[in-house]
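Can you keep this structure in mind? I'll have questions shortly.
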Amino acid sequence: MGSFVIMSGPSCIGKGPLHAAIKRLRPDLAVDLQPLVLYNDRDPRPGEVDGRDYHFRSRAEILALREDENYLVMEVRGDFQAVDLAELREMLDRGDVFYEGNPFVAAELLRCPLPEDIERPSVFLSPLSQEEVESIKQAEHPVNIGDFVAEIMRRKLLRRTQRQKGPLALTDLEEIQRRCTSAYREMKMAWRFDWVIPNHDGEDSENWDAFYYPVGDARLAMLSVMDLLEGRPPRRAERWDQNLLP
């Protein structure tokens, strides 16, 4: 029976390039990790492949899965996604399983019914460290932390989407707004995870792939997740209290 490794964080925080960096630089850690592929009713982004990134299906097909107790169906940032729980259990019978995705799904996966002996090590990538959160809360001129986080993620999402698509349409801007305003609600789930890893190098950052090795926060986040996969406490990780974020 394998373990179920869960890595999550807001959209554009760097989950995808971190996973890709581990597969490239430490294939020995990645080779035995079976990726959990969810169903999703949104259109594929540039470069995404059906069956690898998601099982892309119509909304009607995914909503129909609600009638099957073997599926967990959720609304996530305006999209509907589904997890095949029977497939997940079969994968765990074969070995370790890896989920990389958004916190709404991750929170459900942390508590979905699985055999009691299944370990679920989990990590949350955050755009702010605990010290930065405390500093903002105690600042002489405090700001709304939710708005602060939204602005951080808006810039990341804009840069990523412009790099993927070039000039942006109104629908792109609406999607960016939906994701960046969701980020703070997602950060408020971080305390549910075993570890929180601060990471300022989101998917918009060249620190992941401009050089042979990731640099900056990208490197530290990658090394921390490698620690987790090797059964060690992540070197740059925090444990958040439930009441850290107001």
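Is segment 69-80 home to any residue that is touching a strand residue (DSSP E or B) at 6+ places or on another chain (Cβ under 9 Å), within 24 Å of MET226 (Cβ to Cβ) and crowded, with 17+ Cβ neighbours inside 10 Å? Quick ask: steps written out before the conclusion?
Start the filter on segment 69-80 by keeping residues that are touching a strand residue (DSSP E or B) at 6+ places or on another chain (Cβ under 9 Å), which leaves 70-76, 79-80.
Of the ones still in play, those that are also within 24 Å of MET226 (Cβ to Cβ) are none.
Looking through segment 69-80, none of the residues is touching a strand residue (DSSP E or B) at 6+ places or on another chain (Cβ under 9 Å), within 24 Å of MET226 (Cβ to Cβ) and crowded, with 17+ Cβ neighbours inside 10 Å.
Turning to a different aspect of this structure: Out of all the residues in segment 120-135, which are surrounded by 11 or more Cβ atoms within 10 Å (Cβ to Cβ) and either of a type outside the set (A, V, I, L, M, F, W, C) or at pLDDT below 95 (or both)? Lay out the reasoning, then the answer.
Start the filter on segment 120-135 by keeping residues that are surrounded by 11 or more Cβ atoms within 10 Å (Cβ to Cβ), which leaves 120-130, 132-135.
Of everything in segment 120-135, those that are surrounded by 11 or more Cβ atoms within 10 Å (Cβ to Cβ) and either of a type outside the set (A, V, I, L, M, F, W, C) or at pLDDT below 95 (or both) turn out to be ARG120, PRO121, SER122, SER126, PRO127, SER129, GLN130, GLU132, GLU134, SER135.
Something else about it: Could you say which residue among GLU134, GLU175, GLU186 is in a helix (DSSP H, G or I) and within 21 Å of GLY47 (Cα to Cα)?
Values: GLU134 fails: within 21 Å of GLY47 (Cα to Cα); GLU186 fails: within 21 Å of GLY47 (Cα to Cα).
Criteria check complete, one pass: GLU175.
May I ask you to list the residues in segment 81-91 that are surrounded by 14 or more Cβ atoms within 10 Å (Cβ to Cβ), over 16 Å from the mean Cα position of the chain (by Cα) and closer than 13 Å to CYS112 by Cβ?
Our first condition is that a residue be surrounded by 14 or more Cβ atoms within 10 Å (Cβ to Cβ); within segment 81-91, this holds for 81-85, 87-89, 91.
Among the residues that remain, those that are also over 16 Å from the mean Cα position of the chain (by Cα) are: 84-85, 87-89, 91.
Scanning segment 81-91 gives ASP84, LEU85, GLU87, LEU88, ARG89.
Quick one: is ARG57 modelled with pLDDT of 95 or more, closer than 24 Å to LYS165 by Cα and either surrounded by fewer than 16 Cβ atoms within 10 Å (Cβ to Cβ) or not acidic (Asp, Glu) (or both)? First the steps, then the outcome.
Working: modelled with pLDDT of 95 or more: yes; closer than 24 Å to LYS165 by Cα: yes; either surrounded by fewer than 16 Cβ atoms within 10 Å (Cβ to Cβ) or not acidic (Asp, Glu) (or both): yes.
Yes, satisfied.
Mind checking which residues of segment 122-148 are without any contact (Cβ under 8 Å) to a residue 40 or more places away in the chain and hydrophobic (A, V, I, L, M, F, W, C)?
ILE136, ALA139, VAL143, PHE148
Report yes if some residue within segment 144-151 is assigned to a loop (DSSP other than H, G, I, E, B), over 26 Å from GLN177 (Cα atoms) and at pLDDT 90 or above; otherwise report no.
Initially, segment 144-151 is screened for residues assigned to a loop (DSSP other than H, G, I, E, B), giving 144.
Now narrow it down to the ones that are over 26 Å from GLN177 (Cα atoms): none.
The answer is no, given that none of the residues of segment 144-151 is assigned to a loop (DSSP other than H, G, I, E, B), over 26 Å from GLN177 (Cα atoms) and at pLDDT 90 or above.
Taking the conditions exactly as written (in a loop (DSSP other than H, G, I, E, B), exposed (fewer than 14 other Cβ atoms within 10 Å of the Cβ) and out of contact with any Lys or Arg (no Cβ under 7 Å at 6 or more places or on another chain)), does PRO44 satisfy them or not?
yes
Looking at VAL37, VAL5, which one is in a loop (DSSP other than H, G, I, E, B) and among the aliphatic types (A, V, I, L, M)? Explain how you work it out, then say what you get.
Numbers: VAL5 fails: in a loop (DSSP other than H, G, I, E, B).
Of the residues listed, the single one that is in a loop (DSSP other than H, G, I, E, B) and among the aliphatic types (A, V, I, L, M) is VAL37.
Can I ask one more? Go through segment 167-209 residue by residue and tally those that are under 18 Å from ILE145 (Cα atoms) and exposed (fewer than 14 other Cβ atoms within 10 Å of the Cβ).
1
Going by the structure shown, is ASP43 within 16 Å of the chain's Cα centre (by Cα) and either among the basic types (Lys, Arg) or at pLDDT below 95 (or both)? Talk me through it step by step, then tell me what you get.
Numbers: within 16 Å of the chain's Cα centre (by Cα): no; either among the basic types (Lys, Arg) or at pLDDT below 95 (or both): yes.
Here the answer is no, as ASP43 does not meet what is asked.
Hey, could you check segment 193-208 for residues that are of a type in the set (D, E, K, R) and touching a Lys or Arg at 6+ places or on another chain (Cβ under 9 Å) and say which is nearest to GLY16 (Cα to Cα)? I'd like the intermediate steps shown before the answer.
Within segment 193-208, the subset of a type in the set (D, E, K, R) is 194, 201, 203-204, 206.
Subsequent filtering for residues that are touching a Lys or Arg at 6+ places or on another chain (Cβ under 9 Å) retains 194, 201, 203-204.
Values: ASP194: 20, ASP201: 12, GLU203: 7, ASP204: 11 Å.
Filtering segment 193-208 for residues that are of a type in the set (D, E, K, R) and touching a Lys or Arg at 6+ places or on another chain (Cβ under 9 Å), the one nearest to GLY16 (Cα to Cα) comes out as GLU203.
Follow-up question, since we're still on this one. Can you tell me which residues in segment 14-29 are of a type in the set (D, E, K, R) and not in a helix (DSSP H, G or I)? Please lay out each step first, then the result.
Filtering segment 14-29 for residues of a type in the set (D, E, K, R) gives 15, 23-24, 26, 28.
Listed by number, the list holds a single entry, ARG26.
Got a number for residues in segment 210-224 being over 19 Å from the mean Cα position of the chain (by Cα) and either surrounded by 17 or more Cβ atoms within 10 Å (Cβ to Cβ) or touching a residue at least 12 places away in the same chain (Cβ under 8 Å) (or both)? Write out each step before concluding.
Filtering segment 210-224 for residues over 19 Å from the mean Cα position of the chain (by Cα) gives 210-213, 215-216.
Okay, now just the ones that are also either surrounded by 17 or more Cβ atoms within 10 Å (Cβ to Cβ) or touching a residue at least 12 places away in the same chain (Cβ under 8 Å) (or both), so 213, 216.
Total satisfying the criteria: 2.
The values are calculated or read from the model by the stated rules, or taken from the named source; none is laboratory data. Just so it is clear, the model here is predicted, and its values are computed rather than measured. Neighbour counts are summed over all protein chains in view; Cβ atoms, including those assigned to glycine, are modelled from backbone coordinates with ideal geometry.
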